[in-house]
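Reviewing the structure listed below.
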Amino acid sequence: EFLPKDTELDDPEILEEITKYCGVSETTLRAKIAKLRETNPMLGNRGCRLGISHPGITAMTTRAIAHAYYDAHEKTGIQPVVKIMIPLVATVSEYLQQVHIIDREMHAAYLARRHTLRFAKEHFENWHP
């Protein structure tokens with residue numbers, strides 16, 4: 001569901017935009033997409049396990065959230081509180097692995113933008129093992 005559709009990759013403008021943004025060739029992009037595509041995604045990697053198998057997805061998503069926050073703040077002056085849910089966690093180690101990536105990317109976004117992000121850290125607030 002997070003991968004580009006085949007019809008999008010058939011559009012030369014979209015394909016060029018994706019390869020340019022990712023900094024990879026068309027061949028590399030298509031190979032990576034084929035590797036990530038699942039036959040039955042409802043039975044495949046879900047929730048935090050997708051981020052555990054492919055930490056770059058968690059990192060990319062977190063960067064997008066952080067920079068969208070900064071863009072919105074710079075345009076409107078509004079400072080919403082960013083909350084990121086880590087879905088379908090089964091163990092504390094799964095949770096902590098994902099939190100580490102999120103914290104690292106939020107810090108990197110702060111260093112890039114030099115503005116404090118209002119990020120609600122509610123780790124364990126509702127944790128009931």
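Yes/no per residue for (1) open to solvent by 60 Å² or more (accessible area, probe 1.4 Å); (2) β-branched (Val, Ile, Thr); (3) within 26 Å of Arg37 (Cα to Cα):
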{"position": "Ala72", "(1), (2), (3)": "no, no, no"}
{"position": "Thr76", "(1), (2), (3)": "yes, yes, no"}
{"position": "Val81", "(1), (2), (3)": "yes, yes, no"}
{"position": "Gln98", "(1), (2), (3)": "no, no, yes"}
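When the test is whether a residue is open to solvent by less than 70 Å² (accessible area, probe 1.4 Å) and within 30 Å of His115 (Cβ to Cβ), Pro55 passes it. Cβ-Cβ contacts under 6 Å between residues 6 or more apart (or on different chains), taken from a first residue in the stretch 88-101 that is farther than 17 Å from Ala59 by Cα and aromatic (Phe, Trp, Tyr) to a second residue that is open to solvent by 30 Å² or more (accessible area, probe 1.4 Å) and in a helix (DSSP H, G or I), are absent.
Per the conditions (1) closer than 19 Å to Pro4 by Cβ; (2) modelled with pLDDT of 90 or more; (3) over 13 Å from the mean Cα position of the chain (by Cα), the sole criterion not satisfied by Ala64 is (3). It is to be established whether one or more residues within the stretch 65-73 are in contact with a Ser or Thr (Cβ under 6 Å, 6 or more places away or on another chain) and either under 30 Å from His115 (Cβ atoms) or in contact (Cβ under 8 Å) with a residue 12 or more places away in the chain (or both). No - not one qualifying residue is present in the stretch 65-73. If you go through the stretch 100-129 and pick out every residue that is open to solvent by 70 Å² or more (accessible area, probe 1.4 Å) and at pLDDT 70 or above, you end up with 7.
The values are calculated or read from the model by the stated rules, or taken from the named source; none is laboratory data. Predicted model only: the values in this text are computed from it and were never measured. Counting neighbours? That spans all protein chains shown, and the Cβs are built from the backbone with ideal geometry, glycine included. Just so you know, the surface numbers come from the protein's heavy atoms only, side chains and all, with ligands and any DNA or RNA stripped out. Shrake-Rupley method; radii C 1.70, N 1.55, O 1.52, S 1.80 Å.
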